[in-house]
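See below for the structure under consideration.
The values are calculated or read from the model by the stated rules, or taken from the named source; none is laboratory data. All of these numbers come straight from a predicted model, not from anything done at the bench. Neighbour counts run over all protein chains shown; Cβ positions are idealised from the backbone, glycine included. Note: areas computed on protein heavy atoms with side chains; ligands, DNA, RNA excluded. Shrake-Rupley method; radii C 1.70, N 1.55, O 1.52, S 1.80 Å.
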Amino acid sequence: MITPMRVFVLIFNARTENEGIHTIREGERNKILMFESEDDATRFALMLEAQDFPAPTPEPMDAEEIKEFCESAGYEWEIIPENSNLVVTPPELNVEKTDWQADAQKEDTVEDTFPLNQQPLEESELSNSELEKMRRKLEGLL
C-alpha cells in the first residue's frame, strides 16, 4: 500500500507550547493513528469528546514526518484508509494523566498524548455548526 503524503493526526492544544499528539496505548507501546480522511479524523475526535476527553484538533501533516517521529519515540503508527470498512473507535480504558496535562488538573482520559513540536497549520475547514451537527449524529449512533 502506498502511504499518502498528507494525513490527519489528532493534536491536543494545537499551536500552543503545551500541545500533544493523540496516541492509543496497546500494552506497553503507543500508536499514532494517521487518518487519510479529514472527515474520519474529525469523527474520531468527536467520539473522544463525547467520552469527556478534551477536544483534539485534526491537523494535516506529512505521513513521513509522523513515521520518523514514531521511530524516534519508539511508537507504532497505523494508517486509517479513507472509505474503508475499518471502524475505529476509542478504547474504553482511560489513562490517569497525560504528559501534556502534567501541571493541569488531573482528568480521566480515554487515551494518552505526547508532546509534538510542529509548525502552525491552517484552521480546520469545518465550522462549529457543522461540527455540532456531526456530534449530534454520532451521539445518536451511541
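Which one is nearest to E59 (Cα to Cα) among residues in region 4-24 that are surrounded by fewer than 14 Cβ atoms within 10 Å (Cβ to Cβ) and touching a strand residue (DSSP E or B) at 6+ places or on another chain (Cβ under 7 Å)? The selected residue is R6.
Scanning region 17-33 turns up no residue that is assigned to a strand (DSSP E or B) and closer than 18 Å to E130 by Cα. If you go through region 39-64 and keep only what is among the acidic types (D, E), closer than 19 Å to R136 by Cβ and open to solvent by less than 40 Å² (accessible area, probe 1.4 Å), you end up with just D40.
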